[in-house]
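For reference, the structure discussed in these notes is given below.
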Amino acid sequence: MQIESLKVFCDLTETGSFTKAAHINGITQSAVSQQVGSLEKQFDALLIERSKKKFRLTREGNALYEHSKQIIQTYDSLLNHLQEIKDVVSGTIRVATIYSVGLHELPPYMKQFLKAYPTVNVHVEYRRSNQVYEDVLGNVVDLGLVAYPLKDPRLEIIPIRNDRLVLICHPSHPAASRESISLSEIHGERFIGFESDIPTRKGVDKILRDFDVQVTVAMEFDNIETVKRAVEIDAGLSIVPLGTVTQEISKQTLAQVAIADGVFHRPLAVVYKKTKVLSPAMKEFVHILKVGLDSSKEN
């Protein structure tokens, strides 16, 4: 019996999917089945109730899962401790991020991190917010980058920064010539929003509700790039994080207007599973996202 087999079994249990367990461990579905079969032979016990309808562990399977989690966590802690003793920062980091953070917030930090730690392989996947949480909890990735982080007893949440929210419009729109605008002035305006289940949309909706402002949602999209394109053709106004529109503002394809009613932010955070043992590389990556590379080097 090997640690790898126990990890495959844990991943299979947590995802409930032979396909996902295979993907996480870089093996085939057949190999997952073979490793489960090997464990069943080793312990002379049926571990999984095989059914086409659903995945379920037997009592013996549940016992193996609970103890395997502890074994893997202890093993990971040992490996990471040995790396720390040797002052080694290497390995692979799997990251899932929402589109706006991955495209606009992450790149400069990735560049700085990889320059400092060239032996680390960072694999980034762009996902919708709900999928980021699923991937983190299912061990598909090590870390997730989200906005408006959801409280979950299974997750550690590390705030990293706040994005200032601004109003954007077409350069020919009357609001474009203003330094700031009150939310009440966009009452009834055509509005380009994110889809209703996206956290940033919920955050913007709350701001508008708090100021008793109703807009006419003309279009809804699941990513920031399409929202910006719709505003660029003057299909409506939108409220987005400032960091996502700096390039368009500099090219004058969009106009940015401050919100006069106050300063509003979108909180960003790193999330990871509470049972996850962070490697030295993961710790450095999180630290750099939170405080910046220079500060990381000083500590």
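Given the criteria surrounded by 14 or more Cβ atoms within 10 Å (Cβ to Cβ), within 25 Å of His104 (Cα to Cα) and over 29 Å from the mean Cα position of the chain (by Cα), does Ala176 qualify? Judged against the criteria, Ala176 is a match. Residues that are under 23 Å from Arg94 (Cβ atoms) and assigned to a strand (DSSP E or B) do not occur anywhere in segment 184-202. The set of residues from segment 204-255 being more than 20 Å from Ala147 (Cβ to Cβ), of a type outside the set (A, V, I, L, M, F, W, C) and in contact with a strand residue (DSSP E or B) (Cβ under 7 Å, 6 or more places away or on another chain) comprises Thr216, Gly236. Take the conditions (1) crowded, with 17+ Cβ neighbours inside 10 Å; (2) over 24 Å from Glu284 (Cα atoms); (3) touching a Ser or Thr at 6+ places or on another chain (Cβ under 6 Å); Leu12 misses just one of them, which is (3). Look at segment 159-171: where a residue is within 15 Å of Leu183 (Cα to Cα) and a partner is surrounded by fewer than 18 Cβ atoms within 10 Å (Cβ to Cβ) and among the polar types (S, T, N, Q), sitting 6+ places away or on another chain with Cβ atoms under 7 Å, you get Val166/Gln256; Ile168/Gln256.
Of all residues in segment 74-97 being touching a Phe, Trp or Tyr at 6+ places or on another chain (Cβ under 8 Å) and at pLDDT below 95, which is surrounded by the most Cβ atoms within 10 Å (Cβ to Cβ)? Across segment 74-97, the extreme among qualifying residues is Val89. Taken over segment 181-204, the residue count meeting the criterion of being hydrophobic (A, V, I, L, M, F, W, C), in contact (Cβ under 8 Å) with a residue 40 or more places away in the chain and closer than 28 Å to Tyr133 by Cβ is 3.
Quick grid of which residues meet (1) under 30 Å from Arg164 (Cα atoms); (2) touching a helix residue (DSSP H, G or I) at 6+ places or on another chain (Cβ under 9 Å); (3) in the same structural domain as Phe9 (by TED's automatic domain parsing):
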| residue | (1), (2), (3) |
| --- | --- |
| Ala45 | no, yes, yes |
| Leu64 | no, yes, yes |
| Ser77 | no, no, yes |
| Ala96 | yes, yes, no |
| Tyr99 | yes, yes, no |
| Pro108 | yes, no, no |
| His123 | yes, no, no |
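Somewhere in segment 156-174, is a residue more than 19 Å from Pro199 (Cα to Cα), part of a helix (DSSP H, G or I) and not assigned by TED's automatic domain parsing to the domain that holds Gly203? No, there is no match, as no residue in segment 156-174 is more than 19 Å from Pro199 (Cα to Cα), part of a helix (DSSP H, G or I) and not assigned by TED's automatic domain parsing to the domain that holds Gly203.
Within segment 65-88, the set of residues being without any contact (Cβ under 8 Å) to a residue 24 or more places away in the chain and of a type outside the set (A, V, I, L, M) comprises Glu66, His67, Gln70, Thr74, His81, Lys86, Asp87. Scan segment 112-152 for residues that are surrounded by 15 or more Cβ atoms within 10 Å (Cβ to Cβ) and either of a type in the set (A, V, I, L, M) or outside any loop (DSSP other than H, G, I, E, B) (or both) and the total you get is 22.
The values are calculated or read from the model by the stated rules, or taken from the named source; none is laboratory data. It should be emphasised that the depicted structure is a prediction, and the values quoted were computed from it without experimental measurement. All Cβ positions, glycine included, derive from the backbone under ideal geometry; neighbour counts span all protein chains shown.
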